[in-house]
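The values are calculated or read from the model by the stated rules, or taken from the named source; none is laboratory data. Since we're looking at a predicted model, the values are computed, not measured. Quick reminder, even Gly has a Cβ in these numbers, built from the backbone with ideal geometry, and neighbours come from all protein chains shown. Calculation scope for accessible area: heavy atoms of the full protein, side chains included, ligands and nucleic acids excluded. Shrake-Rupley method; radii C 1.70, N 1.55, O 1.52, S 1.80 Å.
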Amino acid sequence: MNFLAISGSLRKTSYNTAALNALKRLAPENIEIIIFGLLDEIPLFNPDRELEIIPAVVELRKLLSTADGLIIASPEYAHGISGVLKNALDWLVSGPEFVNKPIMLINTSPRAYIAMDALREVVTTMSGIIIESACVSVPLLGSNMNCNEIIAHHEMADLLRCGLHEFTKEINSAQGD
C-alpha cells in the first residue's frame, strides 16, 4: 500500500512536515509514504494554464493517481489553510486523481480547528473521502519537537501509528481485502 503525503507548510522546521516524516518512519514495511516536496514549485493556479506541462503539477497528479490514499498535514494561517496547500489542491480540482481518494488529516496544533474545518470543506467539495477514524491531532505546537523526537515520544508516535492503522484498515475494508 502506498500513500502520498502533503505538508501545507514550507517552513524547514515545520511541525506538519516533522509529523509526516515521523509517520513515514513509523509506518510498517508494507506501507510506503511518499512526501511531496515540490509544493513551492507549483505556480499560482490559473485555469488558463491547466493544459500546460508544469513539472511540479504533473508530478503531484502522477503521485496522487497511483496512491491508495492521501495524507495531509496543514498549519493554520489567519484562520485558514495555507495558501500553498490550497493552491496545490486547486490544481487538482479538474482532474480525476482526487475523486473518491481516501484522506487522512493530521492536525499538529489543537487550537487550529478553523483550518481543519476549512480543509474538510475543501476536500469533501473535491470529492475526497475523509476517513474520520484516521484523522489525528498531535499536539506539537510549542513543543520544538523534530521528527526524531516525535518518534521517540511514545504518546505522539502512538497517535500517528493509530491514525495510520485506522487509515489502512478502512481502505482495505473498502477494497474488500
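Scanning region 128-138 for residues that are closer than 14 Å to residue 20 by Cα and part of a loop (DSSP other than H, G, I, E, B) gives 135, 138.
Within region 54-96, the set of residues being among the β-branched types (Val, Ile, Thr), open to solvent by less than 10 Å² (accessible area, probe 1.4 Å) and in contact (Cβ under 8 Å) with a residue 40 or more places away in the chain comprises 71, 72.
For (1) at pLDDT below 95; (2) in a helix (DSSP H, G or I); (3) within 29 Å of residue 141 (Cβ to Cβ), each residue gets a yes or a no:
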position	(1), (2), (3)
21	no, yes, yes
28	no, no, yes
44	no, no, yes
57	no, yes, no
65	no, yes, no
95	yes, no, no
104	no, no, yes
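The set of residues in region 145-157 being surrounded by 13 or more Cβ atoms within 10 Å (Cβ to Cβ) and either at positive phi or assigned to a helix (DSSP H, G or I) (or both) consists of 147, 149, 150, 151, 156, 157. Restricting region 97-126 to residues that are of a type outside the set (A, V, I, L, M) and within 18 Å of residue 3 (Cβ to Cβ) leaves a set whose member that is surrounded by the most Cβ atoms within 10 Å (Cβ to Cβ) is 108. Of all residue pairs spaced 6 or more apart or on separate chains, those with beta-carbon atoms under 7 Å, a first member in region 15-28 that is without any contact (Cβ under 8 Å) to a residue 24 or more places away in the chain and a second member that is among the β-branched types (Val, Ile, Thr) are 24/33; 24/35.
Which one of these is modelled with pLDDT under 95 and not in a strand (DSSP E or B): 115, 88? Within the list 115, 88, the selection yields 115. Restricting attention to region 14-49, and to residues there that are under 19 Å from residue 109 (Cα atoms) and touching a helix residue (DSSP H, G or I) at 6+ places or on another chain (Cβ under 6 Å), which single residue is most open to solvent (accessible area, probe 1.4 Å)? In this case the residue turns out to be 21.
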